[in-house]
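Asks: Have a look at this one before I ask anything.
The values are calculated or read from the model by the stated rules, or taken from the named source; none is laboratory data. Please read all numbers here as calculations on a predicted model, not as lab measurements. Using ideal geometry, Cβ is built from the backbone for each residue, glycine included, and neighbour counts are taken over all protein chains shown. For the accessible areas, the whole protein counts, side chains as well, though only heavy atoms, and no ligand, DNA or RNA atoms are used. Shrake-Rupley method; radii C 1.70, N 1.55, O 1.52, S 1.80 Å.
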Amino acid sequence: MTEHTNTAAVELRAVRKTYGSGARAVAALDGVSLDFATGTFTAVMGPSGSGKSTLLHCAAGLDRPDDGTVRIGGVDLGPLDETALALLRRERIGFVFQAFNLVSALTAEQNVGLPRQLAGKRADSDEIRAALTAVGLANRGTHRPSQLSGGEQQRVAIARALITRPAAVFADEPTGALDSKTSRGVLELLRGIVDRDGQTVIMVTHDPVAAAHADRVVLLADGRLVDRIDNPQGAQAIAARMAVLEASC
Amino acid sequence: MLSVRTLRHRWVSLVGTFVALGLGVAILAMSGLVMSSARAKVPERYSGAAVLVASPEVSQEDNAFTPSRPWSTEVGGDLVDRVSSVPGVARAVEDRSFYAQAVIDGRPVGGASAEALGHNWNSSTLASYRVEGAAPARDDEVVLDRSLGLAPGSRVSLLTSAGPSGFTVSGTVDADAYFVTEAVAERLSGGLRVIGLDLSPGADEKAVVAAVRAVVGDRGRVLSGEARAELEVRGEAKVRWIGDQVLTAMGGLGAFVCVFMVASTFAFAVSQRRREFGLLRLVGATPRQVRVLVFGEALVVGVLAGLAGVALGAASAPVVGGLLVDAGLEPAGFAISYGFFPLAGASGIGVVVAMLGVWAASRRAGRVRPIEALRTAEVDPKPMTRARWIGGGVAMAVGVGLFLLTATGVAEDLLNAPLYAAMALIVGLTLLGPVVLPPLVRLVPATLVRESALTAIRRTTSTVSPVLITVVFAVLVSGMFSLTVTGVSLEKSMAIGPSTVVSARDTPGLSDEVVSTVGGASLLPTTLYTGSNDHLDAVGVSPEAFAKAHQGLSVVEGSLNDLTGTDTMAVNSPTASRMAWHPGSTADITFADGSTTKLRVVAVFSKTSAAASALVTRETVRTHDPSALTSAIYVDHPVVGADWPALGAQVMTRAEYAEFTEAEDNRLVGIFVTLLLAMSLGYSALAIVNTLVMATADRASDFRVLRLAGATRRQVLGSVAAESALAVAIGSLLGVVVAFATLATLTSGVAHNLPDADVSFSPPWGVLAGTVALCLALAVGAGLFSANSALKADRAVHRMRSFGRASRGRPLG
Ligand SMILES: Nc1ncnc2c1ncn2[C@@H]1O[C@H](COP(=O)(O)OP(=O)(O)OP(=O)(O)O)[C@@H](O)[C@H]1O
Ligand SMILES: [Mg+2]
């Protein structure tokens, strides 16, 4: 399944990624082509081991595909060296993961200001406070990650993604370990990034309720794109499609 | 700054590096301070003489601290005459030194180091002493140290090389010296070696020095200013030299352990922080920024540790200096002078070591890929990097190469080459740990402990290597000094038969009076000067000693029967070949009295069969070296009836004497070994505790999984203890192999150089057992302590909030 948009924030073309070699080789991504349009919210779903995380890592330039090309904002990641990739991530990409989002040695404020600091810019403390306020953590700025709950840590990561206004925010199971109320808060923040600021969000999830917040759901199985739901109408519909997919493999 | 922020949080993992570096800097600062303070000083005796003329220096290559070659009577007299007529020189004063020692309350004062305290009265004007009483006017008058408590007019017995004789105290001075008339001094001292110059008021020192140099030419050295320190007492120079050996060894060993530990703790810290670095890379840090971060932390640690180390070194220098003085490794009156360079140098080295130590680690940190922030399991993906292969291979090759050079006796520096070899092997084994250790770990029956040690092989390497370094150095240091070379020495052959030995007590040697009272076989050491600056250590043997030497020595060429009169000598084979001497050759020999005579070589004996390079008759020595003292007398009849303590002698059985000389040797060796052992054990203890705390704290999540899987607290702690013990076992095993291989090559190297001697070392089993026990206690203790606190912290966290999918924690090891 292929899709082309002129305003794609992230483009994947025939991306292949194989782990291991010989008999033990696992094709985590088996020729995936996909565009993520600017200002959209995409949920990536699929059974465990279907290659969702691998897709996210390749799309974000964290891992290099064995074959195919990945473009972010029109820039081909293939020829870029580690330093150039780092600069690209710093300026254009934000990350929110299920865990390990924050540098444990730094406070919430310092974590939020980290991309700015790495860019050699002075992190504006008003801006940082505003970002933390936006995620509802105005008074937790001086706390370290060990003093924050899982959901709070994720919201700090979102605040970090807010401050640099990255073109694309990648999230891997950001609500995996959260209760439904906290999950909703996180998802609304991500939705807000897209609606208010026109940023692009790509989120891997297992949860149909979470996926229902997206503009579009793409389904992976065995490293291939197998289905997609545009403008999903509620979690039920998504869950039904997932059930079909899981039954077929 | 990011470095400072992360550092503040990460200080626990850096505290080990800080302490290691701080201690290293402290040891360097301390030994640097002590060594630089122990520089030769202008002897107080010459403090008032602006310019001194000294007889020509001789080669000191053998570190025997041989006194300079004296002038003959004619040359000496001529120099005094001509120098005193140089414009600007008010007076030229002969300076003579000889053995003298007062006997007070029936015991000689000053002990065995009171070597050449007798001088001619005139030379007292070269210093500015406060004199009370009068100059010695008669030959039985003496001016001596006021602190002896003898008032002018009292009688005192003075020991000289002839024996005790009565003197009247004519005056006292504030110096540890005995001044007698010129005639007595000349008779007792042998050749003239120093002339002191009094300059006329207003004379230009530089011009005088130049003029005196022109007059003296190559017949002597003209010294002024600080250069006069060349004339320090030889005994003090020797003591200082020994002290320097200890300090150099300490500094060298300390520096090696420090570099090694700093590099390995940094490497370990980086491997534990891969996730953190991955995360930084994830949010946009470039590889360079990560490297700079790691460097920045090292710089901060380096600077802080440098400052702390310098403070500690400066504080401990006087203490160590005092210990060295007490141990007789620094001259009495030694004081620390706080120089800028030893302190700045040590702290600078600290920073450089930190930078070098972190270099490889920072490169590794820079190569961490952002995706590693997201990995849950932490298995060493590639424990052997190319750099590790190359570095380890080179280090092993260097170590083995040095071994071969040592074992075949080719290496010049037999003492240091094996040490360097051991260091290289330690580095090599540590770098190659990930390939060397698994086969050893597999010797353990399959268990959780074995698998966990195998999976995280780099962590295992990190915990093994401090044990390795501890065991190697402990065994080496104590084993090396137990190396004994047994040959048929002159002393040994003397000792065959005699039941009694008379030796010096409270004196540097025995006087002729003791020798004539006791009879027996006696040895009278002296120095023979040959060629332009060469010299031989010689022993004058009494007729009875000669008869024994005759049986004991293995003569290669010629015959000892011809060693008679005052114009013959026998030399050992290295000397014979160096000088191209054969029985029948004659050589010009200058003696301690400055006179030169032709001596005929009558025999050549093998190198190991005597303690001296040359043998002459006792008569020869006595004729030419008035100040020489007898080292020991061997008698085979009971010795009775003399006031031995007052004569500075003691009578012992042969066994007692052997014990006595050994005790003196062992005392020095003991100090050496204790200092080095204390330092390396202390250092390694720190390393072991540090790496085990780091390694265990890192495994909190493993412990959590174990606990969730139903393991009791006890079982978790048990597995930690077993893993620590495994690391100690492997480290000790490798350490024993390296240390014993080193000792064996050293032994073989020494044996190569001394073909007819019996060379052996006694394996230091006691030290080995103690060291392994210490390592075991420290490793298990530190592992348990840190596992225990990890378990506690974990429980606290559990109580605070639930860890959603805790089962996603790392799989076991
Ligand atoms: N580093 C790796 N080495 C080997 N195989 C890997 C590696 N990472 C992923 N794989 C394999 O690639 C496939 C895809 O993995 P991926 O992590 O992308 O799955 P996923 O869809 O994210 O699964 P989940 O929902 O469980 O997170 C899996 O079969 C996995 O075992
Ligand atoms: Mg995944």
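Asks: Measure nothing fancy, just the Cα-based angle from helix A:180-197's long axis to the longest principal axis of chain A, in degrees from 0 to 90, nearest 10.
Replies: In chain A, helix A:180-197 runs at an angle near 90 degrees to the longest axis.
Asks: Between A:Ala243 and A:Glu188, take the C-beta separation as r, use R0 = 30 Å, and let me know the FRET efficiency to the nearest 0.05.
Replies: On the way: r = 26 Å, r/R0 = 0.88.
According to the calculation, E is roughly 0.70.
Asks: Could you give the dipole magnitude of region B:44-235 about its Cα centre, charging the beta-carbon of Lys and Arg +1 and that of Asp and Glu -1, in debye to the nearest 20?
Replies: On the way: 18 positive and 27 negative charges, 29 e Å.
It comes to approximately 140 debye.
Asks: Evaluate the relative contact order of chain B (contact order divided by residue number), counting alpha-carbon pairs under 8 angstrom at least 6 apart; express in whole percent.
Replies: On the way: 1554 pairs, mean separation 141.5, N = 813.
Averaging sequence separation for qualifying contacts and normalising by length gives 17 percent for chain B.
Asks: Residue separation times 0.36 nm, minus the C-alpha to C-alpha distance between B:Thr586 and B:Val15: what's the value?
Replies: Working: separation 571, 0.36 × 571 = 205.56 nm, distance 6.93 nm.
198.6 nm is the gain from fully extending B:Thr586 to B:Val15.
Asks: Now for a different question. What's the FRET efficiency of A:Asn139 with B:Ile371 using the Cβ-Cβ distance as r and R₀ = 30 Å, to the nearest 0.05? If you can, show how the numbers build up before the last one.
Replies: Details: r = 34 Å, r/R0 = 1.12.
That gives a FRET efficiency of 0.35.
Asks: Please list A:191-202, B:306-317, B:24-35 highest first by mean number of surrounding beta-carbon atoms within 10 Å per residue.
Replies: Working: A:191-202: 18.6, B:306-317: 20.5, B:24-35: 27.0.
Ranking, from highest mean packing down: B:24-35, B:306-317, A:191-202.
Asks: Before I look further, what does the protein assembly as shown give for accessible area per residue, probe 1.4 Å, in whole square angstrom?
Replies: Numbers: 43560 Å² over 1062 residues.
Here the per-residue accessible area is 41 Å².
Asks: Then there's this: Under 18 Å between alpha carbons, and skipping anything fewer than 8 positions from B:Lys607 in its own chain: which lysines qualify?
Replies: Within the straight-line cut-off, B:Lys607 pairs with B:Lys492, B:Lys548.
Asks: Test of the criteria: in region B:50-135, which GluC sites (Glu not before Pro) are in a DSSP loop and have at most 15 other Cβ atoms within 10 angstrom of their Cβ?
Replies: Working: sites: B:Glu57, B:Glu61, B:Glu74, B:Glu94, B:Glu115, B:Glu132; in loops: B:Glu57, B:Glu61, B:Glu115.
Passing both the DSSP loop test and the Cβ count: B:Glu57, B:Glu61.
Asks: Then there's this: Give me the base-10 log of I(q)/I(0) for region B:44-235 at each q in 0.09, 0.14, 0.15, 0.16 Å⁻¹, Debye formula, one uniform scatterer per Cα, rounded to two decimals.
Replies: Log10 of I(q)/I(0), two decimals: -0.34, -0.80, -0.91, -1.01.
Asks: Another question, if that's okay. Per residue of A:102-110, count partner chain C-beta atoms within 10 Å of its C-beta, then hand back the mean as an integer. If you can, show how the numbers build up before the last one.
Replies: Numbers: counts 3, 13, 7, 9, 6, 2, 0, 0, 3.
So the per-residue partner count for this stretch is 5.
Asks: Got a sec? Charge dipole of the protein assembly as shown, +1 on Cβ for Lys and Arg, -1 for Asp and Glu; which of B:Val737, B:Gln245, B:Ala711 is way out at the positive end?
Replies: B:Ala711
Asks: Hey, another quick one. Using only the alpha carbon atoms of the protein assembly as shown, find the Kirkwood hydrodynamic radius as the inverse mean reciprocal pair distance, in angstroms to one decimal.
Replies: Working: mean 1/r = 0.0283 Å⁻¹.
About 35.3 Å, per the Kirkwood formula over Cα pairs.
Asks: Now a separate question. Of the chymotrypsin sites (Phe, Trp or Tyr not before Pro) in region B:307-349, which ones lie in a loop per DSSP and count no more than 13 other C-beta atoms within 10 Å? If you can, show how the numbers build up before the last one.
Replies: On the way: sites: B:Phe334, B:Tyr338, B:Phe340; in loops: B:Phe334, B:Tyr338.
In loop regions of region B:307-349 (DSSP not H, G, I, E or B), the sparsely surrounded chymotrypsin sites (Phe, Trp or Tyr not before Pro) are B:Tyr338.
Asks: Simple spin-label model, 7 Å along Cα-to-Cβ: B:Ala134 to A:Ala25 in nm?
Replies: Output for this residue pair reads 11.5 nm.
Asks: Let me ask something else. How far is helix B:654-697 tilted, in degrees, relative to the longest principal axis of the Cα atoms in chain B, given as a value from 0 to 90 rounded to the nearest 10?
Replies: 20 degrees
Asks: What ranking do B:78-90, A:20-32 get when scored by the average of other Cβ atoms within 10 Å per residue, highest first? Working shown, then result.
Replies: Details: B:78-90: 16.2, A:20-32: 14.5.
Answer by packing, highest mean first, reads B:78-90, A:20-32.
Asks: Now for a different question. In vacuum, with every alpha carbon of region B:507-647 counted as one equal point scatterer, what does the Debye formula give for log10 I(q)/I(0) at q = 0.10, 0.15, 0.17 Å⁻¹? Two decimals, please.
Replies: -0.33, -0.71, -0.89
Asks: If the chain between B:Val156 and B:Ser516 were fully stretched, how many nm would it gain, using 0.36 nm times the residue separation less the Cα-Cα distance? Don't skip to the end; give the middle numbers.
Replies: On the way: separation 360, 0.36 × 360 = 129.60 nm, distance 2.26 nm.
My answer for the length gained is 127.3 nm.
Asks: Quote to one decimal, in nm, the extra length available between B:Ser559 and B:Arg234 on full extension: 0.36 nm per residue of separation minus the C-alpha distance between them.
Replies: Values: separation 325, 0.36 × 325 = 117.00 nm, distance 3.55 nm.
Value of the extension gain: 113.5 nm.
Asks: If you average the alpha carbon positions of region B:522-584 and of region B:227-246, how far apart do those two centres end up, in angstrom?
Replies: Region B:522-584 and region B:227-246 have Cα centres separated by 29 Å.
Asks: Quick one: compute the contact order of region B:507-647, relative version, from alpha carbon pairs under 8 angstrom and 6+ residues apart, as a percent. Before the final figure, lay out the partial values.
Replies: Numbers: 289 pairs, mean separation 51.4, N = 141.
Rounded, it is 36 percent for region B:507-647.
Asks: How much net charge surrounds B:Asp139 when only the other residues with a Cβ under 12 Å from the Cβ of B:Asp139 are counted, with Lys and Arg +1 and Asp and Glu -1?
Replies: Numbers: positive: B:Arg138, B:Arg187; negative: B:Asp140, B:Glu141, B:Glu182, B:Glu186.
My count for the surroundings of B:Asp139 gives -2.
Asks: Show the residues, 5+ positions off or on another chain, whose built amide H is closer than 5 Å to the amide H of B:Gly163.
Replies: Long-range HN contacts for B:Gly163: B:Asp512, B:Glu513.
Asks: Then there's this: Kindly compute the accessible surface that chains A and B hide from a 1.4 Å probe when together, both sides summed, and give it to the nearest 100 Å². Can you show the working numbers first?
Replies: Values: alone 11530 and 34630 Å², together 43560 Å².
Result for this pair: about 2600 Å² buried.
Asks: Mind checking the mean number of beta-carbon atoms from other chains within 10 Å of the Cβ atoms in A:113-119?
Replies: Details: counts 0, 6, 3, 1, 7, 10, 1.
Going residue by residue through A:113-119 and averaging, the value is 4.
Asks: Moving on. At each listed q (0.10, 0.11 Å⁻¹), what is the log10 of I(q)/I(0) that the Debye formula gives for chain B modelled as equal alpha-carbon point scatterers?
Replies: Computed log10 I(q)/I(0) values: -1.08, -1.21.
Asks: Order A:206-217, B:466-477, B:710-721 from most to least packed using the mean count of other Cβ atoms within 10 Å. Provide the component values of the computation, followed by the final result.
Replies: Details: A:206-217: 21.5, B:466-477: 27.7, B:710-721: 16.0.
Packing proxy ranking, top to bottom: B:466-477, A:206-217, B:710-721.
Asks: For the protein assembly as shown, with all protein chains present and a 1.4 Å probe, just round the carbon and sulfur fraction of the accessible area to a whole percent.
Replies: On the way: 25400 of 43560 Å².
Roughly 58 percent, rounded to a whole number.
Asks: For the protein assembly as shown, what is the mean residue ellipticity at 222 nm derived from helices alone (per DSSP H run of n ≥ 4: -39500 (n - 2.57); sum divided by total residues; nearest 500 deg cm²/dmol)? Display every interim value, and only then the final one.
Replies: Numbers: 31 runs with 524 residues, N = 1062.
Roughly -16500 deg cm²/dmol at 222 nm, from the helical runs in the protein assembly as shown.
Asks: Rounded to the nearest 10 Å², what accessible area does B:Leu304 have for a 1.4 Å probe in the complete protein model?
Replies: 90 Å²
Asks: Under a point-charge model restricted to the Cβ atoms of Lys and Arg (+1) and Asp and Glu (-1), what is the dipole moment magnitude of the protein assembly as shown relative to its Cα centre, in debye to the nearest 20? Write down the numbers at each step before the final one.
Replies: Numbers: 93 positive and 94 negative charges, 1382 e Å.
Its charge dipole is roughly 6640 debye.
Asks: Which of rounded, prolate, oblate describes region B:573-630, given a ≥ b ≥ c as roots of the alpha-carbon gyration tensor eigenvalues and a/c under 1.5 marking rounded, otherwise prolate only if a/b is larger than b/c?
Replies: Details: a/c = 2.29, a/b = 1.41, b/c = 1.62.
Because a/c hits 1.5 or more and a/b fails to exceed b/c, region B:573-630 counts as oblate.
Asks: Right, another one. Can you list the residues of region B:252-299 whose accessible area drops by at least 10 Å² going from the chain on its own to the full set of protein chains, with a 1.4 Å probe?
Replies: Output list: B:Arg275, B:Glu276, B:Leu279, B:Leu280, B:Arg281, B:Leu282, B:Val283, B:Gly284, B:Ala285, B:Thr286, B:Pro287, B:Gln289.
Asks: Send over the semi-axes of region B:52-146's equivalent ellipsoid, whole angstrom and largest first, taken as the square roots of 5 times the C-alpha gyration tensor eigenvalues.
Replies: Numbers: eigenvalues 146, 99, 26 Å².
After scaling each eigenvalue by five and taking roots: 27, 22, 11 Å.
Asks: Let me ask something else. Provide the per-residue ³J(HN,Hα) series for region A:163-172, in order, calculated from phi with Karplus coefficients 6.51, -1.76, 1.60 and θ = phi - 60°, each as a whole number of Hz, with x at glycine and proline positions.
Replies: 5, 8, 6, x, 4, 10, 10, 9, 10, 10
Asks: Need the C-alpha centroid separation for region B:56-76 versus region B:351-373, integer Å.
Replies: Here the two parts' Cα centres lie 57 Å apart.
Asks: Just tell me how shielded A:144-151 is by partners: mean number of partner chain Cβ atoms within 10 Å of each residue's Cβ, no decimals.
Replies: Details: counts 1, 0, 3, 1, 0, 2, 4, 0.
Partner-chain Cβ atoms within 10 Å, mean over residues of A:144-151: 1.
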